[in-house]
Amino acid sequence: MKDLDSYLNDHLAGSISALELIAHWVKAHKAEPLGLFFLEIEKEIKADQDKLRDVMRTLGAEESKLRKASAWVAEKIGRARMIMAGDEPGSLGLVLTLEGLVMGVTGKKLLWRALSAAKLQKLNGYDFEELQRRAEEQSQKIEAERISAVRKAFAEAGRLK
């Protein structure tokens, strides 16, 4: 059970870090299309985080305060890098943020797949197939936004040829 607790807490920490980063983009671009995009993603990731916490309670896994604190610190360090790269719609910071989110959501999809494959009796009531599908939809939305951000961020490089 120790390994499973650790695995679940790693994913919880990742979601905490993602939500902290997303909150920055929501605030920085309030009432703009980019802010609204991040607001929608924030709601979806928060709902999945709540589901993960429910899974953890069902299994009797305690949330690691150390991992949550580490995730918070890591996000602050990562955000500093993003801010240096810019937090405007056509910035490298946006590209890096979206790439990080794609990786995180892919990890979440793998989490749901792992829990499904583990066939833990206590988790029989969870629809991991649906959770995987939702993660895939989130990944596609974020990837579409990432490609748009890449085009804007690197447009000048294409004109230099």
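The values are calculated or read from the model by the stated rules, or taken from the named source; none is laboratory data. Since the structure is predicted, the reported quantities are computational estimates derived from the model, not experimental observations. Using ideal geometry, Cβ is built from the backbone for each residue, glycine included, and neighbour counts are taken over all protein chains shown. To get the accessible areas, we keep the full protein, side chains included, count just its heavy atoms, and leave off ligands, DNA and RNA. Shrake-Rupley method; radii C 1.70, N 1.55, O 1.52, S 1.80 Å.
Things worth noting here:
- Those trypsin sites (Lys or Arg not before Pro) in region 90-125 that DSSP places in a loop and that have at most 13 other beta carbons within 10 Å: 119
- Calculated on the alpha-carbon coordinates, the convex hull of region 87-159 measures out at 81 cubic angstrom per residue.
- For residue 154, the accessible surface of its heavy atoms amounts to roughly 100 Å² (probe 1.4 Å, protein chains only, rounded to the nearest 10).
- In loop segments of region 19-66 as defined by DSSP, the trypsin sites (Lys or Arg not before Pro) with at most 13 further C-beta atoms inside 10 Å of their C-beta are 30.
- Value of Rg/Rh across region 1-48 [Cα atoms, Kirkwood radius]: 1.16
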